[in-house]
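What follows draws every value from the coordinates through simple rules; no lab data is involved. Since the structure is predicted, the reported quantities are computational estimates derived from the model, not experimental observations. We place every Cβ from the backbone using ideal geometry, glycine too, and count neighbours over all the protein chains shown.
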Amino acid sequence: MKKQEMMTHYESFALWLESLKMLDQKTWEKPVSEGKWPVAAVVAHLLFWDRYSIQERFPYFKEGAELDSFPDFQSVNDAAREYAEKQEQCAVIDELLAIRKQYLKMLSSMTEQNLDTAFKIGSHSLTVRDYFADFIEHDLHHKKQIMQAAGVSN
């Protein structure tokens, strides 16, 4: 995935996130599917992992760096769900949008060569480009879930 494709994703995803402010409360609290989290918790989940990436990952992406494995997924996800239950819809979305602006700013300052910086997370080798691509795929997975919950075709 090229830098411009990544930037386009983050720009269009931000517009889509902004549109989630129009969801009614019933849809915001509706599970994305049977036995799954509500839309609010999924958006907070994106926020918590973005926050983690900004604070604990991006500053350490250096050629040959060896970073710790990801934290326990379930504890981060549970914290996100609890956060969503206590926050206003627009506040969660605005916080995520603010972090996404940081992503875009950071990405715009990178070259294609920077994106090929290789490092390890635990025993897994990857590049900055791979990291972004994984999280973009993650975004699209959750966007699809939210669109289905909202009754909107993708």
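Enumerate by residue number the GluC sites (Glu not before Pro) in the stretch 50-112 meeting two conditions: DSSP loop (anything except H, G, I, E, B), and at most 14 other Cβ atoms within 10 Å of the site's Cβ.
Glu63, Glu88
Around Val152, with a cut-off of 12 angstrom between Cβ atoms, what is the net charge of the other residues, counting Lys and Arg +1 and Asp and Glu -1? Don't jump to the answer; show the numbers that get you there.
Working: positive: Lys143, Lys144; negative: none.
Net of charged neighbours comes to +2.
Per DSSP helix of 4 or more residues, -39500 (n - 2.57); summed, then divided by the residues of the chain. What does that give at 222 nm, rounded to the nearest 500? Present the calculation step by step, with values, prior to reporting the outcome.
On the way: 7 runs with 95 residues, N = 154.
For the chain, the value works out to -20000 deg cm²/dmol.
Show the residues, 5+ positions off or on another chain, whose built amide H is closer than 5 Å to the amide H of Leu67.
Lys120, Ile121, Gly122
Considering the chain as a Gaussian network with a 10 Å cut-off on Cα pairs, which listed residue, Leu126, Leu115, Leu104, attains the greatest mean-square fluctuation?
Leu126
Just want to confirm a number: the relative contact order over the stretch 30-154, from Cα pairs under 8 angstrom separated by 6+ residues, in percent.
Values: 116 pairs, mean separation 43.5, N = 125.
Contact order relative to length: 35 percent.
Which lysines have a Cα lying under 24 Å from the Cα of Lys143, excluding residues fewer than 8 positions away in the same chain?
Counting by Cα, and skipping residues close in sequence, Lys143 has these lysines nearby: Lys2, Lys3, Lys21, Lys26, Lys30, Lys36, Lys86, Lys101, Lys105.
For Gln87, list long-range residues whose amide hydrogen, built 1.01 Å from N in the peptide plane, is under 5 Å from its own amide hydrogen.
Here nothing satisfies the definition.
If you wrap a convex hull around the C-alpha atoms of the stretch 34-154 and split its volume per residue, what is the figure in Å³?
Numbers: hull volume 14.4 nm³, N = 121.
Spelled out: Cα convex hull of the stretch 34-154, divided by residues, is 119 Å³.
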